[in-house]
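Visitor: Sharing a structure below in structure tokens format, with a few things to ask.
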Amino acid sequence: MQDLLNFLPEHKRKIFLQYPFIRRFLESGINPQTFLEDLRAFKFDLIKKGITEADIMSLEDKLKPKSRIKFVPGAVVKTGPNRNDSVEAWRNYWKNNDHVIRVQGADGNYHPAYEWINGREIRVFRMPDVNERVAQYVIQGVNDIVNEVGLNLQIKYFGAHPTSIEQVKQATQPDGRLSGDTLSKILVVEYWRNPAQGGSPHADIVIVNQYIVLGNENWGQSEFNKGYSILAVPNRRQQSLDFIRNVAKHETGHLLGFQEHHDMSKVNEYKEPRDCNMLWRSSTLYTCEKCLDALKYFWKGIEERTGKRFFKK
């Protein structure tokens, strides 16, 4: 497995090797299916760091079992529809989107992914040095996208809660930046989420007055499988209240399952908007029909697979 990444340029190999699960796979050759699940879980993080979706797909292709279909000259080989071919193909892609079945917690063990959805609740926290007005704009942005998708999720504000403050402290590096990976693993196993310990399943949105490890230019980091979102508003960023609302809506879109950006796909039958909240720059509150459909059909798929209801109607 040592040569698995050799098809990539050196700078991209270095990005992949930052992740322990990738190093572990290359060294010991753990179950490829487990590796692919972890790869999908970190897809969005990898893309933000410069890895392309094509790179990830190439890596997946190298590990997926090869078909033994015999090639017959002149035969027509049928392939599945590309998600960009039509509105129907796009909706079906998200409705049938694969879900990671487990995520790693701070205890080193693997736990069922996206357990937070069963509580139908998103909790918002801020650090003491984050202005209260910032939190209110964040909550507006969260409500914006939850209501547009039509989900029956409660948004609860807990302010500067001691537990959240301690968790952020534990996940802060010596250079002052917050490690989203570390914080997310802490949240996966916190007793506040565990019904057996008196908790209740929920997602966490944490607003911090510091940069995140993902990069100083980044305002947020979110993941559906672990049920967390970080909004980074250090220093003067807290003055940009309208933009913070945009970012909160954008990151909640990721938290709810759309783990990519608007410009990563162009679906033929959707009208291309001039701007969309799910573009990386988050310069508008408007979320286009294509991105909203992705979220709506993603959750329709969840409803079908779980037999549980998550939409208001």
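Each reported figure results from applying straightforward, stated rules to the coordinates on display, with no laboratory input. Source: prediction; values computed, not measured. So basically every Cβ, Gly included, is an ideal-geometry build from the backbone, and we count neighbours across all protein chains shown.
Visitor: In percent, how large is the relative contact order of the chain, given Cα pairs closer than 8 Å and 6 or more residues apart?
Guide: The value is 19 percent.
Visitor: Could you pull the Cα extents of the chain along its three principal axes, largest to smallest, in whole Å?
Guide: 68, 45, 40
Visitor: Using packing as a proxy for protection, rank 203-216, 250-263 so that the peptide with the highest average count of other Cβ atoms within 10 Å comes first.
Guide: With the highest mean Cβ count within 10 Å placed first, the list reads 250-263, 203-216.
Visitor: Averaging the inverse of every distinct alpha carbon separation and then flipping it gives the Kirkwood radius. What is it for the stretch 10-63, in angstrom units?
Guide: When all Cα pairs of the stretch 10-63 are included, the Kirkwood radius is 11.2 Å.
Visitor: Another question, if that's okay. Can you tell me how the stretch 98-146 classifies by the Cα gyration tensor, rounded, prolate or oblate, using a/c under 1.5 as the rounded cut?
Guide: Oblate, since a/c reaches 1.5 and b/c is not below a/b.
Visitor: Which percentage, to the nearest 5, of the DSSP beta bridges contained in the chain is antiparallel?
Guide: Restricted to the chain, the bridges split so that about 35 percent are antiparallel.
Visitor: Answer rounded, prolate or oblate for the stretch 135-202, using the Cα gyration tensor with square roots of eigenvalues a ≥ b ≥ c: rounded when a/c is under 1.5, else prolate when a/b is larger than b/c, else oblate.
Guide: Oblate is the answer for the stretch 135-202, as a/c is 1.5 or above yet b/c matches or exceeds a/b.
Visitor: Next up: If the stretch 86-221 were replaced by its equivalent ellipsoid, with semi-axes equal to the square roots of 5 times the Cα gyration tensor eigenvalues, what would those be, largest first, whole Å?
Guide: Ellipsoid half-lengths, sorted descending, are 25, 20, 17 Å.
Visitor: Once you measure Cβ to Cβ distances between cysteines in the chain, which Cys have no partner under 4.7 Å?
Guide: By the Cβ distance rule, which asks for a partner under 4.7 Å, the isolated cysteines are Cys291.
Visitor: Nearest 10 degrees is fine. How inclined is helix 32-41 to the longest principal axis of the chain, computing both from alpha carbons?
Guide: 40
Visitor: Rounding to the nearest 10 and keeping the result within 0 to 90°, find how far the Cα-based axis of helix 132-149 lies from the longest principal axis of the chain.
Guide: 40
Visitor: Please give the helix 289-306 orientation as an angle from the longest Cα principal axis of the chain, in degrees from 0 to 90, rounded to the nearest 10.
Guide: 80
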